[in-house]
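Right, I'll just put the structure down here and ask away after.
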Amino acid sequence: MSDSIKQTVEALSGMDDVNSVRDLAERRLTQGDAMFVADLGIALFKRFGASSNPIWQYRSVFDSVLRLLTVAAGREHMEQTLRLLAVVEEGDRKKARYLASLLASNHSAEDLAQVFAGGLRSEGGSEELRACLVHELILRDSVIENVPAIAKWATSPHWSHHPLRWLPLRRSPVEEGHELPGYSVRGSSHSLPFGPSDEGSAVTSEKGAAPPPVREISTPETSEAIESAVTNWAEESNGRIESRSFELDGPAGSIADLLAALNLECLSGLGRKMTLSTSSCPPSRAWQVLFAAASTGGAYNQGLYGAYGRLAAWQSLRGLTGTSGGEAFADAEQRVQTSRWYTFGATTKWFEQVAWDIGITALSPDNQRLRLLAATDTD
């Protein structure tokens with residue numbers, strides 16, 4: 001490590017403006033000195049990374065350094081990127097998720113094959129980074145089997161007990177229409193497929209039919225599964241969640257009337273001034289909403305990123321369709337495809353009406369069970 005790096009790291013805590021350090025790292029990378037940038041990142045992490053609440057100067061500079069290397073296109077930067085990642089994500093599963101998302105958003109699968117090189121930790125990425133990277137690439141339409149180094153690792157039995165292994169090494173037809181975040185040195189961006197409810201029409205009946213009698217069949221296990229995609233909103237932000245399961249004694253009829261009759265907390269106060277809107281949708285729309293909620297998070301957190309966001313979205317779909325946790329992916333996928341899906345929104349006081357409002361319900365193929373998820377968050 002050079003004396004200039006040592007001096008920069010030691011002076012960091014006294015700086016009121018860290019732009020000069022960020023500019024230095026960016027300038028050295030532009031000059032072709034990726035090793036300097038990696039050395040700076042490693043020194044910063046060793047000095048401040050172990051703190052549970054590191055100084056803001058470190059957080060700002062280190063994330064810039066991390067992004068500089070991970071978003072820099074081309075294989076020539078990968079060796080130094082892996083040097084830095086070997087220090088940063090050791091034993092930190094959440095950090096591995098973030099790093100995999102950064103890498104996959106800016107590199108081809110062929111460029112990332114080096115992360116899977118050899119079998120030793122020192123020769124590539126950690127097992128957690130590799131697992132996340134496989135699914136980040138799949139979400140970006142990479143064909144894993146076309147890259148031998150990745151395919152060999154992804155199909156090997158040694159990670160068969162990893163939670164991500166349940167997911168297929170291909171995109172499901174259900175996984176359509178989603179958007180993934182884009183990263184640059186200066187930040188990131190993503191769109192949200194949900195938001196405040198538009199002024200819907202008041203609840204009306206179809207052909208005057210009354211909703212059928214219902215019996216609640218919610219269990220803690222089912223609710224936990226249904227809420228998987230939005231649990232991060234409640235645990236890491238200001239989120240509020242309601243998940244319920246019901247058995248119907250007769251045809252569902254109007255979904256709007258049925259929801260209004262279920263005594264849901266999220267729909268409390270429906271009337272002339274508080275309205276409910278519903279819309280039928282394909283299962284891909286439900287997955288899109290759940291994936292965005294899981295992967296990008298709520299108002300005050302970053303979510304689970306792509307790989308674990310994909311898993312959490314499917315866990316919610318399994319819960320909403322009553323699929324047991326022990327079933328194969330193909331069975332869960334079929335259940336999702338044959339269920340009837342609806343989104344709903346309401347102008348009740350339960351929903352925050354800021355940017356993070358979700359309402360999804362699934363009706364079983366036999367029309368006998370209705371399960372739903374409502375979530376809201378605010379800054």
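The values are calculated or read from the model by the stated rules, or taken from the named source; none is laboratory data. Since this is a predicted model, take the numbers as computed values, not measurements. Here the Cβ is made from the backbone with ideal geometry for all residues, glycine too, and neighbour counts use every protein chain on show. Side chains are part of the model used for accessible areas, which takes the heavy atoms of the whole protein and leaves out ligands, DNA and RNA. Shrake-Rupley method; radii C 1.70, N 1.55, O 1.52, S 1.80 Å.
Suppose each label sits 7 Å from its Cα in the direction of the beta carbon; what would the Glu247-Trp56 distance come out to in nanometres?
Simple spin-label model gives 5.6 nm for this pair.
Mind putting together the pair-distance distribution for the range 23-182? All Cα pairs, 5 Å bins, whole percent per bin, short to long.
Histogram of Cα-Cα distances, whole percents per bin: 1, 9, 18, 21, 20, 14, 10, 6, 2, 0.
Could you provide, to the nearest whole Å², the per residue accessible area of the chain with probe 1.4 Å? Mind dumping the intermediate values first?
Details: 16850 Å² over 379 residues.
Here the per-residue accessible area is 44 Å².
Let me cross-check Cys266: its accessible surface, 1.4 Å probe, with only protein heavy atoms counted, in Å² to the nearest 10?
0 Å²
With no solvent and one point per C-alpha, what does the Debye sum give as log10 I(q)/I(0) for the chain at q = 0.08, 0.13, 0.14 Å⁻¹?
-0.48, -1.03, -1.13
Which distance in nm do the two modelled labels at Thr338 and Glu79 give, with both placed 7 Å along the Cα-to-Cβ direction?
5.5 nm
Now for a different question. With only Lys, Arg, Asp and Glu charged, each at its Cβ (+1 for the first two, -1 for the last two), find how big the charge dipole of the range 1-110 is about the Cα centre; round to the nearest 20 debye. Can you show the working numbers first?
On the way: 14 positive and 15 negative charges, 68 e Å.
It comes to approximately 320 debye.
Something else about it: Mind giving me the nanometre distance, one decimal, between the label points for Asp17 and Ser156, set 7 Å out from Cα along Cα→Cβ?
Here the modelled spin labels are 5.0 nm apart.
Sticking with this structure for a sec: Could you work out the equivalent-ellipsoid semi-axes for the range 291-363, taking the square root of 5 times each eigenvalue of the Cα gyration tensor, largest first, in whole Å?
Working: eigenvalues 118, 62, 12 Å².
Over the Cα atoms of the range 291-363, the ellipsoid semi-axes are 24, 18, 8 Å.
A further question on this structure: Taking Cα centroids, how far is the range 276-346 from the range 5-44 in Å?
42 Å
Okay, moving on. FRET efficiency for Asp366 and Glu110, Cβ-Cβ distance as r, R0 = 41 Å, nearest 0.05?
Numbers: r = 47 Å, r/R0 = 1.14.
It comes out at approximately 0.30.
Taking trypsin sites (Lys or Arg not before Pro) as candidate sites, keep only those in a DSSP loop with at most 12 other Cβ atoms within 10 Å, then name the longest stretch of the chain containing none of them. Show your work: numbers first, answer last.
On the way: sites that count: Arg170, Arg186, Lys207, Arg272, Lys273, Lys349.
Excluding the exposed sites themselves, the longest stretch runs over 1-169.
What is the angle, in °, between the Cα long axis of helix 78-88 and the longest principal axis of the Cα atoms in the chain? Nearest 10 is fine, range 0 to 90.
Roughly 70 degrees between the two axes.
Note down the net charge around Ile226, summing +1 for each Lys or Arg and -1 for each Asp or Glu among other residues with Cβ under 11 Å from its Cβ.
Working: positive: Arg244, Arg318, Arg371; negative: Glu221, Glu224, Glu227, Glu242.
Charge balance in the 11 Å sphere: -1.
Kirkwood Rh over Cα pairs of the range 196-355 into Stokes-Einstein at 10 °C, 1.306 mPa s: D in µm²/s? Working shown, then result.
Working: Rh = 16.6 Å.
Translational D for this selection: 95 µm²/s.
Under 12 Å Cα-Cα from Lys6, which aspartates and glutamates qualify once same-chain neighbours fewer than 8 residues away are excluded?
By straight Cα distance, Lys6 reaches Asp39.
Heavy-atom accessible area of Leu169 with all protein chains present, probe 1.4 Å, nearest 10 Å²?
70 Å²
Taking a quarter of the surface of the convex hull around the Cα atoms of the range 337-379, what do you get in nm²? Can you show the working numbers first?
Details: hull surface 13.9 nm².
Reported value for the Cα convex hull: 3.5 nm².
Sort Thr222, Thr361, Thr155 by accessible area with a 1.4 Å probe, largest first.
Ranked list, largest accessible area first: Thr155, Thr222, Thr361.
Provide the solvent-accessible area of Tyr305, counting protein heavy atoms only and rolling a 1.4 Å probe, rounded to the nearest 10 Å².
About 30 Å², rounded to the nearest 10.
Please say if the range 4-100 is rounded, prolate or oblate, where rounded means a/c under 1.5 for a ≥ b ≥ c the square roots of the C-alpha gyration tensor eigenvalues, and otherwise the choice is prolate for a/b larger than b/c and oblate otherwise? Don't skip to the answer; put the middle values down first.
Details: a/c = 1.83, a/b = 1.11, b/c = 1.66.
Verdict is oblate for the range 4-100.
Let me ask you something else. Using amide H atoms built 1.01 Å from N in the peptide plane, name the residues 5+ places from Arg369, or on other chains, whose amide H lies under 5 Å from its own.
Result for Arg369 returns Leu248, Ser364.
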